Amino acid sequence: MRKILATLLMITAIGFSANAQKDYKNEADVAFSGYKYYQAIEMYKKAYTKETKNDRKSEILFQIGECYRLKNEGKQAAVWYEKAIKAKHDNPLAYLYIADVYKSEGRYEDAIVEYGKYKAAAPGDKRADVGIKSCESAKKWLDEPTRIIVTPMPQINSEDYDFSPVFADKKGEELYFTSTRQGSAGTSISDVTGMNFSDIYATKRDKKGKWSEPTPLNETINSPVEEGASVLNEKKNQIYFTRCGVEKKGVMGCSIFTAKRSGQKWGDAELIPIASDTFAIGHPAISNDESTLIFASDMPGGQGGKDLWYITYNTKAKTWSEPVNLGAEINTSGDEMFPYIRFNGELYFASNGHPGMGGLDLFKAESKGVNQWGKVENLKSPMNSAAHDFGIVFEDDKDRGFFTTSREGGKGGDDIWEFYLPPMLYAINGIVKDLETSEPLANATIKLIGTDGSSAEVTSDASGNFTFAENGSARYINPNTSYSLVVTKKDYLIAKGKETTVGLKASKTFNHEYNLQPVKNTIIKLPLIEYEYTKWDLLPNSKDSLNFLYNVMVENPTIVIQLRSHTDFRGSNKNNMVLSQKRAQSCVDYLVKEKGIDPDRIVAKGMGEEEPLKMPDGTLLNEKYINSLKDKPSIEEAHQRNRRTDFKVLSTDFVPKNPTPESGN
């Protein structure tokens, strides 16, 4: 991108007046106006040493900063802009461009300060607000990156500039890209960048995934001038590419050419007439039906810097239409370049005008109709960075491909990186234990039921562990799905669980623990069931407690239980036995008459004071122990513990006569 064909498409027209007097500055101005920034820098520096007027000296400092900026050397540009400010140069754009440099270096807080200075100096320019918003968004995107994985491509990249990859075959095994590496068709050094002229190169991927040594395309495509930023049609038998010519007077323009395959090589390139060659026109993108060609240009009639335009092809007349601007929703006062049309009609492009993370950022726009796009969205981190990010291409309809970036981690100035969106992977890991002993339970059955209609069943291993992860080439746990889990084992009550992936935006492994209640020779305590003193009528909150038992019986439809009610030892044993029986029967009546439990599945048993509670530490809360307590609160607490309701399972082979009501009613 830092090569001439991209630099020309990034420049913003800079107005300045040159003295009529023929001097060093005037010569530098001529080189600058011809986009020869590399040459102009040395000329301006020489002019500065000869200049005596302070206002012209400060202007020269600013122009040197402009040269470095336009040849994409931000750090050097900022140095010279700062010198211009100290020399009291009156162009406030120096603040804006310093802020842009800081943003491109990821120095977002420093950039916000400089944007603030520019806003104060030029309150009507929205670029300050866009810059501040960009910095705030960039910080958030760095903290919350998307799931996309990006990695450099060392087999393809060189120590020079490599950019704008495109697929050159239907199988996705051949790439074309632009490079300024040694071996280009043109042997000259660019006055714009001070580097080799760029050419289009090809590389192929073998069956092991290794890319071959890149080689330049034949001479009908690569010429002594600049070539790059290409695209092929869907059949891969026609190429559209950018070519930038150079004239001695310094007037340079870029145009789009096309060529058809002729055997293993490309035929002669033909110019697509779009506009005057004094304008920069390049970065072609072609629609699947080849009826629309989108490109970037600085031609008049746009929104600002470089805009995206399109032309349509008339198959009968075999001519291209007049250019149409993509409009203000896509284009900004900045630069929009490197368009790419995906198979589904989405438009991808690079921009430094929309809020972004640094230099050029990658954006996506939805198709809104024929040759209409909108709802521009930044691709965020890690696709975008503080550096330049542009030139994206997808591999068919897959969520992977390649793009260009100047971020750290590559080999040269601009490098080609690959990207892919890893699948959302979910799993449920769990362990099953005995509730009473906490020992792991082997051979428990865990059934998984999904709202997508899926179901699966596994058993716990010797350590009580189970997992739902890979299912052959598929997965047990899928995105945007809710699941129910049912855990069963002989002589244990059923346990249930739930999980969901709905709304999740990242892979996740869920961890579950199920503690199964044993039923063999085990008394199971119920939540507190309260009564008024010497009464047996259920209080409202007692019914809520009994709903726990109701759910147990619904979830375990084959058990028959004995519901037992206990009292403390105060009062006569006879009265306590009668009271506890009535209380147990009140519980049974509620479950049978109000909740619909089969009466053959539940038996009321009044225990009176005959079975005081045995604590986990072995302490028996009998009359002797309670009377030994020395304070009333402790005594009352012990009595309360004895006044309890529990149940035990009598059998597990009940055969339901009618459908069991659902849990939770």
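Bear in mind these aren't lab numbers, they're just calculated from the coordinates by the rules spelled out. What you see is a predicted model, and the numbers here were worked out from it, not measured in a lab. Cβ placement follows ideal geometry from the backbone for every residue including glycine, while neighbour counts extend to all protein chains displayed.
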Rounded Å value of the spacing that divides the Cα centres of the range 313-371 and the range 622-661: 74
Charge-dipole axis of the chain as Lys and Arg at +1 and Asp and Glu at -1 on Cβ define it, positive-most pick from 326, 341, 519: 519
20 Å binning of all Cα-Cα separations within the chain, expressed as whole percents from 0 upward: 15, 33, 18, 17, 14, 3, 0
The range 536-600-the range 53-76 distance, computed between alpha-carbon centres (Å): 90
Using alpha carbons only: equivalent-ellipsoid semi-axes of the range 440-589, gyration tensor based, whole Å: 42, 17, 12
Integer Hz, Karplus 6.51/-1.76/1.60 couplings in order for the range 460-476, x for Gly and Pro: 6, 7, 4, 8, x, 8, 8, 8, 10, 9, 6, 10, x, 8, 9, 10, 6
Under 15 Å, Cβ to Cβ, from residue 86 - net charge with Lys/Arg +1 and Asp/Glu -1: -1
Local electrostatic count, residue 111, Cβ distance below 10 Å [Lys/Arg +1, Asp/Glu -1]: -3
Tail fraction, Cα-Cα pairs, the range 442-529, threshold 21 Å, whole percent: 39
GluC sites (Glu not before Pro) within the range 460-569, DSSP loop, no more than 16 other Cβ atoms inside 10 Å: 530, 532
Lysines with Cα under 27 Å of residue 630, excluding same-chain neighbours fewer than 8 positions away: 614
Value of Rg/Rh across the range 4-143 [Cα atoms, Kirkwood radius]: 1.00
FRET efficiency, residue 236 to residue 151 (Cβ-Cβ, R0 25 Å, nearest 0.05): 0.45
Segment residue 400-residue 508, extension gain: residue separation times 0.36 nm, minus the distance between their alpha carbons: 36.7 nm
At most 13 other Cβ within 10 Å, DSSP loop - chymotrypsin sites (Phe, Trp or Tyr not before Pro), the range 505-593: 533
Cysteines in the chain lacking a second Cys C-beta under 4.7 Å: 67, 135, 587
Cα gyration tensor category, rounded, prolate or oblate, for the range 202-357 with a/c compared to 1.5: rounded
Cα Rg, Dmax, the range 523-651, angstrom units: 14.9, 47
Prolate/oblate/rounded label for the range 314-432 (Cα gyration tensor, a/c 1.5): prolate
Prolate/oblate/rounded call for the range 149-420, Cα gyration tensor, a/c under 1.5 rounded: rounded
Cleavage-rule hits, trypsin sites (Lys or Arg not before Pro), the range 441-548, DSSP coil, Cβ neighbours within 10 Å at most 14: 490, 505, 520, 535
Globularity index of the range 93-203, i.e. its alpha-carbon radius of gyration over 2.2 N^0.38 Å: 1.49
